[in-house]
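One structure below.
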């Protein structure tokens, strides 16, 4: 399959700080690829390297097989959607979308026709005469998306584009972005710190940490088979057992991960032959609607989470209280062995 973007041992330093440290990635043509990580992990710098806003200190970047070194942003077949939208307040929506074509010297009739088509792609075909101030946050985000698509890029870069939206609107836009990407068939490279965004939209996700990539995988594999403690704890919630406790359970000091929803509170029954049990003091109980989270401080001092669906919680039982001694159990097959963080 054709590669849309290829990083080979790419680094980017700012003085003594390596924002990107020997990153290698192959992004397929037509893929929805997310770069996920906390602030300062290097994901946005990688996006800027693709766009041409930054140049690598070392390594090679190829865009559809073409070496990107020395290519200015306007000569790269990519466009960027930013979180702040960057719309011109004095222009109507149609002319905001058409502006990039005007700068390129495209004739008025063609650029307005293409701008109308782009607005149609994002379900804003009847909004061309409005000003940005007359639009909701979600509508302004769609205008910014149409403006990026009007140039018909082969790669669309999205830098935390949903960060300013409220939860409901963000979830709606996640669905719309994925649907649009499938319709257009172009490569989307999406930068986010939000795990749910990355998991819900992406074909594959690269998890960044301290300028390096911890794991590149499908959303399902990232969640079910994390490679490192960082991935296990950053993508969702996980109990990571290390050192002496891991050795007691598995016979090896290498870390293991167990998701809270794959555990249950002990009920006094005999331990099954394939089960593991740890004990401690109940520290906190958090009602979360569909489930209840039980936070336990284990005997070795580590915090441990158990998540039980509320349809499993028997209302007739005596309610648990913080400070009580409890145990947590899980099947051995639910544990995932980890390597150390990169």
If we keep only residues of the range 214-229 that are within 14 Å of the chain's Cα centre (by Cα) and part of a helix (DSSP H, G or I), then the residue surrounded by the most Cβ atoms within 10 Å (Cβ to Cβ) is 222
Looking only at the range 28-47, how many residues end up being over 14 Å from the mean Cα position of the chain (by Cα), in a loop (DSSP other than H, G, I, E, B) and either outside the structural domain of residue 206 (by TED's automatic domain parsing) or on the phi < 0 side of the Ramachandran plot (or both)? 2
Only residues that are farther than 30 Å from residue 215 by Cα and touching a residue at least 40 places away in the same chain (Cβ under 8 Å): list them for the range 321-339, please. 322, 323, 324, 325, 326, 327
Residues being loosely packed, with under 14 Cβ neighbours inside 10 Å, over 27 Å from the mean Cα position of the chain (by Cα) and closer than 20 Å to residue 169 by Cβ - total across the range 126-136: 3
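Among the residues of the range 90-97, is there at least one that is assigned by TED's automatic domain parsing to the domain that holds residue 21 and loosely packed, with under 14 Cβ neighbours inside 10 Å?
yes
May I ask you to say which residue of 246, 232 is surrounded by 23 or more Cβ atoms within 10 Å (Cβ to Cβ) and part of a helix (DSSP H, G or I)?
From the options 246, 232, the qualifying one is 232.
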Being within 20 Å of residue 150 (Cβ to Cβ), modelled with pLDDT of 95 or more and either touching a strand residue (DSSP E or B) at 6+ places or on another chain (Cβ under 9 Å) or not in a loop (DSSP other than H, G, I, E, B) (or both) narrows it down to one residue among 50, 61, 25; which is it? 50
With respect to the numbered conditions (1) part of a loop (DSSP other than H, G, I, E, B); (2) touching a residue at least 24 places away in the same chain (Cβ under 8 Å), which one is the sole condition not fulfilled by residue 269? (2)
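What residue, of 44, 8, 80, is in contact (Cβ under 8 Å) with a residue 24 or more places away in the chain and surrounded by fewer than 17 Cβ atoms within 10 Å (Cβ to Cβ)?
None of the other options fit; the residue is 8.
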Taking the range 139-160, which residues are in contact with a helix residue (DSSP H, G or I) (Cβ under 6 Å, 6 or more places away or on another chain) and over 17 Å from residue 119 (Cβ atoms)? 157, 159
Being touching a helix residue (DSSP H, G or I) at 6+ places or on another chain (Cβ under 9 Å), under 22 Å from residue 38 (Cβ atoms) and either in a helix (DSSP H, G or I) or not assigned by TED's automatic domain parsing to the domain that holds residue 205 (or both), is that true of even one residue in the range 275-286? no
Restricting to the range 286-308, give me the number of residues that are in contact (Cβ under 8 Å) with a residue 12 or more places away in the chain, loosely packed, with under 14 Cβ neighbours inside 10 Å and in contact with a strand residue (DSSP E or B) (Cβ under 7 Å, 6 or more places away or on another chain). 3
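The values are calculated or read from the model by the stated rules, or taken from the named source; none is laboratory data. These numbers come from a predicted model, not from an experiment. Please note: Cβ atoms are built from the backbone with ideal geometry, for glycine as well, and neighbour counts cover all protein chains shown.
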